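Every read-out reported here was derived from the displayed coordinates using simple, explicitly stated rules and does not represent laboratory data. Everything numeric in this text was worked out from a predicted model, so none of it was measured. Cβ: placed from backbone, ideal geometry, glycine included. Neighbour counts: every protein chain shown.
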Amino acid sequence: MFVKRFSVKEDNEIVDLYLNRDENAVTETENKYKNFIFSVCNGILRQKQDSEECVNTVYQKIWESIPPERPDDLKAFIARIARTTAIDCFRSNNRQKRNAGVIDSLDDYADFLAADYSVEDEIDANDLANLLNGFLKGLPDRDRVCFVKRYYFNCSYREIEKQTHIPRSTVYTILEKVKKELKEKLSKEGYLS
């Protein structure tokens, strides 16, 4: 039996296709990242049909974003687009009937940040992003993976347990410890009053 094999392009080759406005860029992105994009969207939306529609929107947004952007890390770039697209879809679908599940999860750490966000705060956003990235890089791998899965990809404790093989009670303990450390770091740096 003959099995047709296709080669998955490297990320920089896919980005070059986008920059050259080659429509194969979308096909190559789908070949390499379709399941990843779906899992990011479904982690937030929790509905297969909405997530599948969101995936198509993500492809369109990637096409519209490259150029002018040239991402250094295509997977992270795609994750950001998929996440924001899914959150926008969630908010749109639930404008009338606020489903607290995702909003509460995303807000678990938002209370660390100042509630009043002004134009002046926008100037500090880059510094805050650098602070958070540095904080995350300083965490042990296990803690960082749990934190990102919970607060970036909106995975439940049960999903984190299944994906990482870390007992749920340990995941909970890790996340409580990391949130406390993050709160202390933000307070020390003047982001909390």
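Across segment 41-55, computed HN-Hα scalar couplings (Karplus, 6.51 cos²θ - 1.76 cosθ + 1.60, θ = phi - 60°) run 5, 5, x, 9, 7, 6, 9, 4, 5, 4, 5, 5, 5, 5, 4 Hz from first to last residue, x flagging Gly and Pro. Cross-link reach is defined here as a Cα-Cα straight distance under 29 Å, omitting same-chain residues fewer than 8 places apart; for residue 183 the lysines meeting it are 75, 137, 149, 162. Karplus-derived 3J(HN,Hα) values for segment 154-159, using 6.51 cos²θ - 1.76 cosθ + 1.60 with θ = phi - 60°, are 6, 6, 6, 4, 5, 5 Hz; glycine and proline are entered as x. Based on alpha-carbon atoms, the Kirkwood radius and the radius of gyration of segment 24-101 give Rg/Rh equal to 1.00.
Label separation (residue 49 vs residue 187): 4.8 nm, computed from points 7 Å beyond Cα along the C-beta direction.
In segment 8-97, taking the dipole from charged Cβ atoms about the Cα centre, the farthest positive-side position among 93, 35, 78 is held by 93.
Projecting the Cα atoms of 65, 51, 20 onto the dipole axis of segment 8-97, where Lys and Arg carry +1 and Asp and Glu carry -1 at the beta carbon, places 51 farthest toward the positive end.
When each of the peptides 9-16, 132-139 is scored by how many other beta carbons lie within 10 Å of its residues on average, the order from highest to lowest is 9-16, 132-139.
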